[in-house]
């Protein structure tokens, strides 16, 4: 199986910054990320992943919650990847960039540079962005509509891939005797002209070590699935149930032949937040300790977008009947959360604790063997090609994965003991570019 690790913020538990062993200012410290990156590389993980947003994507709802949120100060991810690339040698380097608030030439050039700096380990996570807060930072009063965002994104990726192919691999001959720097026959100027972009090119960068950076995508909508089927090498998914993960996996893989691609051309890697202990009791204690650190206002803020202001209710009482999703955006996630609360008879506090434990990512609590059992089941049942770890806290979460979980997976023959390649594409086992 293929394994990545997401290092954004201080961990994927909403109270990670309050953990006594986590440096509260770590998200602005290069050495903090370098420590986890080196631990992940020593464990032979495939890639580091940095999600990103172009603003503080939250409101102070309920009042007083935003100042308790750690997701408001962080390093710009491409700058961070360049630095990490110079301090590591094998692990992949993937970061998010928006197709709504960037231009294709900028993205093509920046990620090509990351791929060159790292010797072929760069990857671009394609997103369209989703929050009004981001729109406000780019001279807009409102976010672009859903259909327009994805239409723009599809053309955006097309332009970027054309720019990455401006030069054939051996175009730059740099012959000092003849004075010829590049073979003119091996330059291909894109001359792209479409609905959203007009880009002449070529890119002022050579073909990168792995042909082009890896393309990653995470959208689960119909438009997102089609974007992934056309362009993506890796898809991060957020399924919580095995059966639904199997349906997603089969659906997406079945779309690839429609775009002249093989199912093996794309890897599907669901997110997972593991709480790992040497015993089940130790794992549960780690989980419980973090749950106890959730500020009630922070917890209520995690439910606000779906249910509105719940602060007028007793947090230790049952979820109110919100069949009309009072104060919410009437999203399917609201219905799913209400169903879970009803089925499990959860209080408001218990519901926000469930969401806060991994920022909505599926979490598993247990020994390395317990978690390996879970991962193996998904892997062998056609639900995943691997996983993207979203540790609850860092660096401790990465250490637990490296020291406890990876050896268990290696013992079962489910994960490598040495890197196979110097490039991310090679280590992911993806076919060479045609």
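Assess whether residue 184 counts as being modelled with pLDDT of 95 or more and over 26 Å from residue 48 (Cβ atoms).
So residue 184 passes the test.
Determine whether residue 27 is touching a strand residue (DSSP E or B) at 6+ places or on another chain (Cβ under 6 Å) and farther than 16 Å from residue 93 by Cβ. Explain how you work it out, then say what you get.
Values: touching a strand residue (DSSP E or B) at 6+ places or on another chain (Cβ under 6 Å): yes; farther than 16 Å from residue 93 by Cβ: yes.
Yes: the conditions hold for residue 27.
May I ask you to say which residue of 300, 290 is outside the structural domain of residue 46 (by TED's automatic domain parsing), touching a strand residue (DSSP E or B) at 6+ places or on another chain (Cβ under 9 Å) and closer than 30 Å to residue 311 by Cβ?
Result: 290 is the single residue among 300, 290 that is outside the structural domain of residue 46 (by TED's automatic domain parsing), touching a strand residue (DSSP E or B) at 6+ places or on another chain (Cβ under 9 Å) and closer than 30 Å to residue 311 by Cβ.
What's the number of the condition residue 235 fails, among (1) under 30 Å from residue 401 (Cβ atoms); (2) part of a helix (DSSP H, G or I); (3) in the same structural domain as residue 105 (by TED's automatic domain parsing)?
(2)
Exactly one condition in (1) at positive phi; (2) surrounded by fewer than 17 Cβ atoms within 10 Å (Cβ to Cβ); (3) under 31 Å from the mean Cα position of the chain (by Cα) is false for residue 206; which is it?
Looking at each condition in turn, residue 206 falls short on (1).
May I ask you to list the residues in the stretch 159-194 that are exposed (fewer than 12 other Cβ atoms within 10 Å of the Cβ) and in contact with a helix residue (DSSP H, G or I) (Cβ under 8 Å, 6 or more places away or on another chain)?
The answer is 170, and nothing else.
Can you name every residue in the stretch 308-338 that is modelled with pLDDT under 80 and outside any loop (DSSP other than H, G, I, E, B)?
Across the stretch 308-338, the qualifying residues are 332, 333, 334, 335, 336.
How many of the residues making up the stretch 11-63 are on the phi > 0 side of the Ramachandran plot and buried (at least 18 other Cβ atoms within 10 Å of the Cβ)?
2
Among the residues of the stretch 373-393, which ones are in a helix (DSSP H, G or I) and in contact with a strand residue (DSSP E or B) (Cβ under 9 Å, 6 or more places away or on another chain)?
Those that are in a helix (DSSP H, G or I) and in contact with a strand residue (DSSP E or B) (Cβ under 9 Å, 6 or more places away or on another chain): 373, 374, 375, 378, 379.
Among the residues that make up the stretch 75-83, is at least one of them in a loop (DSSP other than H, G, I, E, B) and within 24 Å of residue 138 (Cβ to Cβ)?
yes
If you go through the stretch 31-60, how many residues are outside any loop (DSSP other than H, G, I, E, B) and within 12 Å of residue 74 (Cβ to Cβ)?
So the answer is 3.
Identify, by number, the condition in (1) modelled with pLDDT of 95 or more; (2) closer than 30 Å to residue 264 by Cα; (3) under 19 Å from the mean Cα position of the chain (by Cα) that residue 358 doesn't meet.
Result: residue 358 passes all but (1).
Residues are listed down the side, and each one gets a yes or a no for (1) within 34 Å of the chain's Cα centre (by Cα); (2) on the phi < 0 side of the Ramachandran plot:
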{"residue": "139", "(1), (2)": "yes, no"}
{"residue": "145", "(1), (2)": "yes, yes"}
{"residue": "150", "(1), (2)": "yes, yes"}
{"residue": "153", "(1), (2)": "yes, yes"}
{"residue": "158", "(1), (2)": "yes, yes"}
{"residue": "174", "(1), (2)": "no, no"}
{"residue": "181", "(1), (2)": "no, yes"}
{"residue": "184", "(1), (2)": "no, yes"}
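How many residues are at pLDDT 95 or above, assigned to a loop (DSSP other than H, G, I, E, B) and in contact with a strand residue (DSSP E or B) (Cβ under 6 Å, 6 or more places away or on another chain) when one looks only at the stretch 394-434? I'd like the intermediate steps shown before the answer.
From the stretch 394-434, those at pLDDT 95 or above are 394-430; that's our starting set.
Those left that are additionally assigned to a loop (DSSP other than H, G, I, E, B): 394-395, 412-423, 428-430.
In the following step, the residues that additionally are in contact with a strand residue (DSSP E or B) (Cβ under 6 Å, 6 or more places away or on another chain) were identified as 394, 428.
Qualifying residue count, the stretch 394-434: 2.
When you go through (1) under 24 Å from residue 294 (Cβ atoms); (2) crowded, with 19+ Cβ neighbours inside 10 Å; (3) modelled with pLDDT of 95 or more one by one for residue 8, which number turns out not to apply?
(3)
Condition check: farther than 30 Å from residue 45 by Cα, without any contact (Cβ under 8 Å) to a residue 12 or more places away in the chain and surrounded by fewer than 20 Cβ atoms within 10 Å (Cβ to Cβ). Does residue 312 satisfy that? Working first, answer last.
Working: farther than 30 Å from residue 45 by Cα: yes; without any contact (Cβ under 8 Å) to a residue 12 or more places away in the chain: yes; surrounded by fewer than 20 Cβ atoms within 10 Å (Cβ to Cβ): yes.
Here the answer is yes, as residue 312 does meet what is asked.
The values are calculated or read from the model by the stated rules, or taken from the named source; none is laboratory data. Quick caveat: nothing in here was measured; it's all calculated off a predicted structure. Quick reminder, even Gly has a Cβ in these numbers, built from the backbone with ideal geometry, and neighbours come from all protein chains shown.
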